[in-house]
Amino acid sequence: MVELTNESRQASRELWESREIQLLYAIANCLLGIKDYIAALEAYRSLLVKDKKNKVALLTGLGRIHLQMGDIPQASAYFKQVEDQVSSSDPQGQSRVLMNRGFMALAESNFELGQDCFKQVSDIDPTNALAINNMAVCSLYTGKLKAAIAILENLLHKDPSTTLQEGVLFNLCTLYELESSQALQKKQALLELVSKHKGNGFNIASLKM
């Protein structure tokens, strides 16, 4: 019978703990995909105990799940914990804080504040497609349709290889439909952009053609 050393036992324990954490993340993502938010919250709370090095990201996730459930006070409480954990000298952490504030503003229909928060995120990270997409959403809700279109068009043409995402394309095509009867021509131009940078594997249903 092979006797394991203390080091081997520790390594084995860490391996299985790592696998458990990976499994919990997979379960949480699946639960979010089917909108079982109560069960997803339980998975995230378990991860908060087991994966302490990602505490800030998990607190953010818990807050955003509560936002999707319409529980603004609880979301705000989690976001406050995030702000308490993040250093003012950490650009990535500050981006997370500003994104959370932007989502809170959207939930409270404060679209001007939301746009300002997402704009600050894009200033820190110009490649943050989610922040820029949300800037366009805020522009639309404040009655600035053309500005919303310009925001998304600039995003797509800045770096098509990374910014051609289904959600961004779907939103831009929806804005084209709201703007004019020339929507089909503009969608065809987007299709050409997709063909050039993404190839045949891209789901063109997002173009709404």
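Against the list (1) surrounded by 13 or more Cβ atoms within 10 Å (Cβ to Cβ); (2) farther than 21 Å from R96 by Cβ, the condition Y37 fails is (2).
Looking across K119, K53, one residue alone is among the basic types (K, R) and closer than 27 Å to D36 by Cβ. It is K53.
Yes or no, residue by residue, for (1) surrounded by fewer than 16 Cβ atoms within 10 Å (Cβ to Cβ); (2) within 16 Å of the chain's Cα centre (by Cα):
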| position | (1), (2) |
| --- | --- |
| S122 | no, yes |
| N128 | no, yes |
| K144 | no, no |
| H157 | yes, no |
| L175 | no, no |
| L184 | yes, no |
| S195 | yes, no |
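For the structure I just gave you, tell me whether G102 is within 25 Å of I34 (Cβ to Cβ) and either out of contact with any strand residue (DSSP E or B) (no Cβ under 7 Å at 6 or more places or on another chain) or at pLDDT 95 or above (or both). Against the criterion (within 25 Å of I34 (Cβ to Cβ) and either out of contact with any strand residue (DSSP E or B) (no Cβ under 7 Å at 6 or more places or on another chain) or at pLDDT 95 or above (or both)), G102 does not qualify. Within region 198-209, the residues that satisfy the criterion of being in a helix (DSSP H, G or I) and either at pLDDT 85 or above or not hydroxyl-bearing (S, T, Y) (or both) are G199, N200, G201, I204, A205, L207.
Report whether or not M99 is of a type in the set (A, V, I, L, M), within 23 Å of S76 (Cα to Cα) and either touching a Ser or Thr at 6+ places or on another chain (Cβ under 7 Å) or not in a helix (DSSP H, G or I) (or both). No.
Conditions tested, residue by residue: (1) β-branched (V, I, T); (2) within 23 Å of S109 (Cα to Cα); (3) in a helix (DSSP H, G or I).
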site: P126; (1), (2), (3): no, no, no
site: V137; (1), (2), (3): yes, yes, yes
site: I149; (1), (2), (3): yes, yes, yes
site: L156; (1), (2), (3): no, no, yes
site: L172; (1), (2), (3): no, yes, yes
site: K186; (1), (2), (3): no, no, yes
site: E192; (1), (2), (3): no, no, yes
site: K196; (1), (2), (3): no, no, yes
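Condition check for N110 on (1) within 24 Å of D71 (Cβ to Cβ); (2) touching a residue at least 12 places away in the same chain (Cβ under 8 Å): one failure, at (2).
The values are calculated or read from the model by the stated rules, or taken from the named source; none is laboratory data. This one's a predicted model, so the numbers in the text were calculated from it and none came from an experiment. As a convention, Cβ positions derive from the backbone with ideal geometry for all residues, glycine included, and neighbour counts pool all protein chains shown.
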